[in-house]
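Structure record follows, encoded as structure tokens.
The values are calculated or read from the model by the stated rules, or taken from the named source; none is laboratory data. Predicted model, so just to flag it, every value in this text is computed and none were measured. Virtual Cβ from ideal backbone geometry, glycine too; neighbours counted across all protein chains shown.
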Amino acid sequence: MGRRYVSNLAEMLPGMPDAVAKQPVKAAAPPPARTLDQAIARSHDIIAEALDRYPIVARQALFSGGNDSAVLLHLVHSYLDSSPHDAVVHVNTGIGIEETRQHVRDVAGAWNLPLRELHPRDSYDDLVLGRVLARTGPNAGKRPVWKGFPGPGGDSHKVMYRRLKDEPLQRNRAAIIGGRGRREKVLYLAGMRWDESERRMRNAEEIDPEGGIIWCSPIVHFTNAQMAEYRRRFHLPRNPVAEHLHMSGECECGCFAKEGELDEIEFFYPKTAYRIRSLEKKAEAAGITACKWGQRPPGSRDTAKPGSIAGRLCSKCPSAGGQTDLLDLWAKQGLLTPAPACPPAPALPQVA
């Protein structure tokens with residue numbers, strides 16, 4: 001979970017103007033203070049601009065299952081009915097928490113939205129165990145593209161992001177438009193925000209073309225306070241995984257796991273922890289040096305450059321590990337009582 005920027009106006013009354021605390025690097029000017037209604041109107045203007053500028057043949061909303069992405073999905077749901085390819089898209093990395101995947105399915109079903117659940121070609125287990133061989137280049141068919149658990153630093157996160165998230169999205173795009181990228185585009189509506197993390201402040205843009213994909217971030221200008229106000233106004237469902245772990249849990253690759261995170265996961269979601277610990281035993285039995293989830297591989301060092309982009313959909317991965325062990329902290333405070341399950345998603349309300 002990266003550092004978050006909190007506006008000085010975060011405690012204001014609902015409906016009062018709010019602004020992003022800093023000027024994003026890629027923004028032409030500091031975002032103006034806006035009420036929530038004005039922020040919503042700006043979001044629709046951003047989407048309209050993307051649809052006007054590019055030959056869009058499919059509109060797809062990326063839904064991680066997190067509480068922020070629920071705001072994005074609710075705001076853009078009315079755009080997902082122009083073609084048979086329009087849909088809610090969830091990338092099932094294969095190493096996420098099942099309760100989050102079920103939350104995604106429940107929300108899409110309750111809101112009567114078509115859902116595409118994408119899967120990576122190479123599984124997380126095969127990557128960790130070194131079973132995925134290079135398909136191109138001088139090492140094709142000879143050397144694995146990765147071996148062991150990814151830890152903080154270096155190229156581990158790049159490999160995991162590209163294999164587990166980007167590859168399914170690129171394959172999804174290819175299935176829709178094939179080689180017609182210059183003439184036809186897929187619009188990926190994503191929930192990136194400038195107020196979300198330091199990385200987003202550097203790298204997020206309203207509209208960002210990438211070959212046959214047009215990345216669009218309609219809520220990029222939303223502040224934390226506006227997100228909270230939006231959830232309250234429209235009574236959006238909350239993901240219990242995010243309530244427990246303060247992250248969506250759709251990808252637990254361990255690249256930037258904080259200290260004690262696996263114990264934290266085990267307390268709330270023992271099946272996921274058991275699956276990870278079982279893979280640790282397989283890696284150790286195979287003689288793989290990096291056989292511990294969420295730890296820097298022995299002898300490795302952090303070669304990541306400051307300000308490097310970890311991946312469009314990995315907003316809250318920190319730049320370094322070593323955070324406080326929350327499980328120990330909660331135990332000392334007597335807070336280790338699982339929260340009751342969140343209610344199912346309500347029927348889809350309309351945006352004002």
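Scanning region 63-73 finds no residues that are outside any helix (DSSP H, G or I) and more than 24 Å from the chain's Cα centre (by Cα).
Of the numbered criteria (1) more than 18 Å from the chain's Cα centre (by Cα); (2) buried (at least 21 other Cβ atoms within 10 Å of the Cβ), the one R232 fails is (2).
Specify the residue that is surrounded by the fewest Cβ atoms within 10 Å (Cβ to Cβ); the eligible residues are those in region 106-126 that are of a type in the set (A, V, I, L, M) and either touching a helix residue (DSSP H, G or I) at 6+ places or on another chain (Cβ under 6 Å) or assigned to a loop (DSSP other than H, G, I, E, B) (or both). Step through it out loud before you land on a result.
Step one: filter region 106-126 for residues of a type in the set (A, V, I, L, M), giving 107-108, 110, 113, 115, 118.
Then keep just the ones that are either touching a helix residue (DSSP H, G or I) at 6+ places or on another chain (Cβ under 6 Å) or assigned to a loop (DSSP other than H, G, I, E, B) (or both); that gives 113, 115, 118.
Details: L113: 18, L115: 15, L118: 17.
This residue is L115.
Of all residues in region 70-83, those satisfying the criterion of being modelled with pLDDT under 95 and not acidic (D, E) are S82, S83. Taking the stated definitions as given, is K165 among the basic types (K, R) and in contact with a Leu (Cβ under 7 Å, 6 or more places away or on another chain)? Criteria met by K165.
Being of a type in the set (V, I, T) and either without any contact (Cβ under 8 Å) to a residue 24 or more places away in the chain or touching a strand residue (DSSP E or B) at 6+ places or on another chain (Cβ under 6 Å) (or both) narrows it down to one of V107, V91, V128, so name that one.
Details: V107 fails: either without any contact (Cβ under 8 Å) to a residue 24 or more places away in the chain or touching a strand residue (DSSP E or B) at 6+ places or on another chain (Cβ under 6 Å) (or both); V128 fails: either without any contact (Cβ under 8 Å) to a residue 24 or more places away in the chain or touching a strand residue (DSSP E or B) at 6+ places or on another chain (Cβ under 6 Å) (or both).
Matching residue, one of V107, V91, V128: V91.
The one condition from (1) crowded, with 18+ Cβ neighbours inside 10 Å; (2) at pLDDT 90 or above; (3) more than 21 Å from the chain's Cα centre (by Cα) that R296 does not meet is (2). When L36, L62 are screened for being buried (at least 16 other Cβ atoms within 10 Å of the Cβ), more than 13 Å from Q226 (Cα to Cα), at pLDDT 90 or above and touching a Gly at 6+ places or on another chain (Cβ under 9 Å), only L62 passes. For region 88-98, which residues satisfy the criterion of being over 13 Å from the mean Cα position of the chain (by Cα) and surrounded by fewer than 20 Cβ atoms within 10 Å (Cβ to Cβ)? Listed by number, the residues that qualify are G94, E98.
Please tell me if V57 is aliphatic (A, V, I, L, M), part of a loop (DSSP other than H, G, I, E, B) and either at pLDDT 95 or above or surrounded by fewer than 14 Cβ atoms within 10 Å (Cβ to Cβ) (or both).
Values: aliphatic (A, V, I, L, M): yes; part of a loop (DSSP other than H, G, I, E, B): no; either at pLDDT 95 or above or surrounded by fewer than 14 Cβ atoms within 10 Å (Cβ to Cβ) (or both): yes.
Criteria not met by V57.
Just one of the listed residues (D45, D68) is touching a residue at least 12 places away in the same chain (Cβ under 8 Å), within 23 Å of A228 (Cα to Cα) and among the charged types (D, E, K, R), namely D68. If you go through region 235-262 and keep only what is of a type in the set (D, E) and crowded, with 21+ Cβ neighbours inside 10 Å, you end up with E250, E252, E261. Suppose we keep only residues that are assigned to a loop (DSSP other than H, G, I, E, B) and among the polar types (S, T, N, Q) within region 74-93. Which one would you say is farthest from M227 (Cα to Cα)? In this case the residue turns out to be S83.
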